[in-house]
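Enquirer: For reference, the structure I am asking about is given below.
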Amino acid sequence: MSTSAPLPPPASPLTPAPAPSPRGPFVLLNDEPVAESGADLLGVGRAARQLAGLLVASRASTPFTLAVDAGWGMGKSSLMRLVDAELAHAPEVHTVWYNAWTSQGADALEGLIKSVLMRFDRRVLRRALQRISERRALLRAVRAVTTIAAGPLGAAGLVDELWKTLSVNSQARNEMRGAIGELVQEWSQTDEFRPRRLLVVFIDDLDRCPEETVLAVSEAVKVYLDVPGLEFVIGCDRSALAPNGLLRDLSPAASAFMEKIFQTSYRIPVPDQQGVRAYIDWCARTVGIDQLLDERLTTMLAERSARNPRRIKRLVNGFVLEATLNPMWDDFAPEAVVRTLLLQYFYPDFYRMVAGAAGSGAGDVIAEFRTYREVRRLLRTPDPIPVAELPTVTRFLREHDLPEQDADGRDATLSRLERQLPSGFPEMVRDQEFTSLIDGLVALPRSEELLRRLREGAELPAAVEPEPAGYAQSLPTRAQPPAGYGAEPAGMYGAVPAGYGAVPAGYAAVPAGAYGAMPTGAYDAVPAGRAAAPRADVAPLRYVRILWVDDHPRNNESLVNAFRAAGAVVRIAEDSAAADAALAVERPTLIVSDIERDGNPREGLEHLARLRRDGRYDGPFVFYAGRVTPERSAVAQELGAHLTSSGSEIERLVLRAAEAERPLP
């Protein structure tokens, strides 16, 4: 099916083409938390001052624990660092930082307790060790006193001795809380200090840790360090620590214990529109792309990144890296990088069609969309279609196998047309940010050459991956897939699109832990451009047999090689007759098929209908097509098949088939 020629850019023919934007110099933004109030661009400083004041005023209410609650990238660490900076001005308030993500499992308990003990004076530590030693049996006491008398120990040596003494056995551990309580009391309540000393312990990234580490940190906080004089401020996404998140397998008693960890929470609000736009403007000025973001692009970047500061920063850095390092952009203005990456990040399904996804049959999908927008406007107006516009409407309807006029009226014509178009078109045509992005891309100098290169599989921009949900880190994860795969993890602001390489690179990788993914280490590292070899002891798809029907099999090489590397048997058929011959020899676990082949835009659908009708195959069937339309989806559903343009969906279905085929133990 052909598509209409591109519409002219929205600018007047008398308007000169915009000059290419100057290239660079560009710089990169760091990803460090804000630690000084002067660097606070999102107004977090006010909340930090108030939280610091509450912590200081509550020193008589210790012990207690405050959760700084927010999703990934929303500024937990920055807020905590600013609170720490405010506390530096408070009398007799001391702080300690502990990053839970740097610990492993049960070691986190020891690491956190030692980090707290290291903040106390050596004389306090020495007296605490002496007291504990005197309570033990003679042999233990002699050992400890001998160690102390052997020579002056630094704080680290004293802390090590304290830990050895307090953790030597279960009886000693039962005494640990009391011993630490005495130590903290001596440190905080001597006559020398008024008001009493306070130690605030900041624990960051707890929601990014595996379950064992979370429980170890929680045990340290609630069982051993729950003593007067200590306050804990824990940065985490509490939804990740909920029973349906990271700690989904806890017993009721353990879940109740976790609920007692936090006395109160502060949920960081999402930045307001004005604040996040100012933040984007600052990021753009800092890296040198401020002249490339107009008002609509800024709005798109703000809203479709869920106003997440870290995502915004990573996307901006992605623009800089692409413009600087990818030679493809040497021939284009930097604005082309910005608009292409925004299209890729926020509209990945449309981008796959633009970049010529396998079997899409879409031709120039941008021209098709812009012509559809114009035809839609004409069909929705009550006035007669102008004579000058009528050929555009007539041609577009013919190209989509529709009559020039519908007896049921224009609304019925438009409805039938939209069933033939990609499923997202009706929503995208009402999305002003999207239409502005597309029009601006078409209006760029040499845009036709840029789109041609993308359709022909030029080196595509690298994906900027959002951080996964914290609890996903503890689930079984799939190793880095073979060269040629891209990434499309789900996130708050939508899927992130394809990676490098010619299409069909860019088939999405499945978010870690989203389902029973291929085991970690299933693929050994291989040089770029080569298929990965399966580890000898890992073949998660060894019981799977896939029949792949496509008249352009090279489009699917990345996925086929990955499945073969994981142990699957994949047989290729380039037409329906070859597929029928393969079915006569062996029944596959799954059939993957294109739709358009053999000169017939519906051959894949018709082939499956024949297989179902004749009873030759009743198993799982997936249509893999770059162009997903409502009509195709409806027909596929009637035939009991899946239709997708996403490689991650193909992976999911293949893995589901593998589970069904795996022999019972």
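Enquirer: What's the number of the condition Arg564 fails, among (1) free of Cβ contacts under 8 Å to residues at least 60 places away in the same chain; (2) within 16 Å of Arg652 (Cα to Cα); (3) open to solvent by less than 40 Å² (accessible area, probe 1.4 Å)?
Expert: (3)
Enquirer: Among the numbered conditions (1) small (Gly, Ala, Ser); (2) open to solvent by 10 Å² or more (accessible area, probe 1.4 Å); (3) touching a residue at least 12 places away in the same chain (Cβ under 8 Å), tell me where Ala577 comes up short.
Expert: (3)
Enquirer: Got a number for residues in the stretch 142-193 being closer than 14 Å to Val124 by Cβ, open to solvent by 30 Å² or more (accessible area, probe 1.4 Å) and modelled with pLDDT of 75 or more?
Expert: Selection size over the stretch 142-193: 4.
Enquirer: Please specify each residue of the stretch 323-379 satisfying the condition of being polar (S, T, N, Q), assigned to a helix (DSSP H, G or I) and at pLDDT below 85.
Expert: Of the stretch 323-379, the ones polar (S, T, N, Q) are 324, 326, 340, 344, 360, 371.
Next, only the ones that are assigned to a helix (DSSP H, G or I) stay: 324, 340, 344, 371.
Listed by number, the list holds a single entry, Thr324.
Enquirer: Given Asp364, Asp383, which one is acidic (Asp, Glu) and surrounded by fewer than 19 Cβ atoms within 10 Å (Cβ to Cβ)?
Expert: Asp383
Enquirer: Scanning for something open to solvent by less than 60 Å² (accessible area, probe 1.4 Å) and either aromatic (Phe, Trp, Tyr) or more than 33 Å from the chain's Cα centre (by Cα) (or both), does the stretch 67-75 turn up at least one residue?
Expert: yes
Enquirer: Return yes when Leu402 is open to solvent by less than 20 Å² (accessible area, probe 1.4 Å) and at pLDDT 55 or above and no when it is not.
Expert: Against the criterion (open to solvent by less than 20 Å² (accessible area, probe 1.4 Å) and at pLDDT 55 or above), Leu402 does not qualify.
Enquirer: While we're looking at this one, here's another question. For the stretch 92-136, name all the residues that are of a type in the set (Ser, Thr, Tyr), open to solvent by less than 60 Å² (accessible area, probe 1.4 Å) and within 29 Å of Leu82 (Cβ to Cβ).
Expert: Thr95, Tyr98, Ser103, Ser115 - these are the residues of the stretch 92-136 that are of a type in the set (Ser, Thr, Tyr), open to solvent by less than 60 Å² (accessible area, probe 1.4 Å) and within 29 Å of Leu82 (Cβ to Cβ).
Enquirer: Continuing with the same structure: Mind counting the residues in the stretch 393-440 that are acidic (Asp, Glu), in contact (Cβ under 8 Å) with a residue 12 or more places away in the chain and closer than 30 Å to Val337 by Cα?
Expert: Going through the stretch 393-440 one residue at a time, the tally reaches 2.
Enquirer: Any residue that is open to solvent by 60 Å² or more (accessible area, probe 1.4 Å) and of a type in the set (S, T, N, Q) - is there at least one of those in the stretch 315-322? If you could, list the steps in order and put the result at the bottom.
Expert: Start the filter on the stretch 315-322 by keeping residues that are open to solvent by 60 Å² or more (accessible area, probe 1.4 Å), which leaves 321.
Next, from what is left, pick out any that are of a type in the set (S, T, N, Q): none.
Checked the stretch 315-322: no residue is open to solvent by 60 Å² or more (accessible area, probe 1.4 Å) and of a type in the set (S, T, N, Q).
Enquirer: Which residue is surrounded by the fewest Cβ atoms within 10 Å (Cβ to Cβ), if the candidates are limited to the stretch 45-54 and must be of a type in the set (A, V, I, L, M) and touching a helix residue (DSSP H, G or I) at 6+ places or on another chain (Cβ under 7 Å)? Explain how you work it out, then say what you get.
Expert: Of the stretch 45-54, the ones of a type in the set (A, V, I, L, M) are 47-48, 51-52, 54.
If we keep only those that are touching a helix residue (DSSP H, G or I) at 6+ places or on another chain (Cβ under 7 Å) as well, we get 47-48, 51-52.
Working: Ala47: 18, Ala48: 22, Leu51: 21, Ala52: 22.
Of everything passing the filter in the stretch 45-54, Ala47 is surrounded by the fewest Cβ atoms within 10 Å (Cβ to Cβ).
Enquirer: Restricting to the stretch 583-637, and then to whatever is of a type in the set (S, T, N, Q) and either under 20 Å from Arg656 (Cα atoms) or open to solvent by less than 30 Å² (accessible area, probe 1.4 Å) (or both), can you tell me which residue is nearest to the chain's Cα centre (by Cα)?
Expert: Thr629
Enquirer: Please determine, by comparing only the residues of the stretch 432-453 that are among the charged types (D, E, K, R) and out of contact with any Leu (no Cβ under 9 Å at 6 or more places or on another chain), which one is most open to solvent (accessible area, probe 1.4 Å).
Expert: Among those residues, the one meeting the criterion is Glu448.
The values are calculated or read from the model by the stated rules, or taken from the named source; none is laboratory data. Quick caveat, the model's predicted, so the values are computed rather than measured. When we count neighbours, we look across all protein chains shown, and the Cβ atoms used for this are built from the backbone with ideal geometry, even at glycine. Keep in mind that these areas ignore ligands, DNA and RNA; they rest on the heavy atoms of the full protein, side chains included. Shrake-Rupley method; radii C 1.70, N 1.55, O 1.52, S 1.80 Å.
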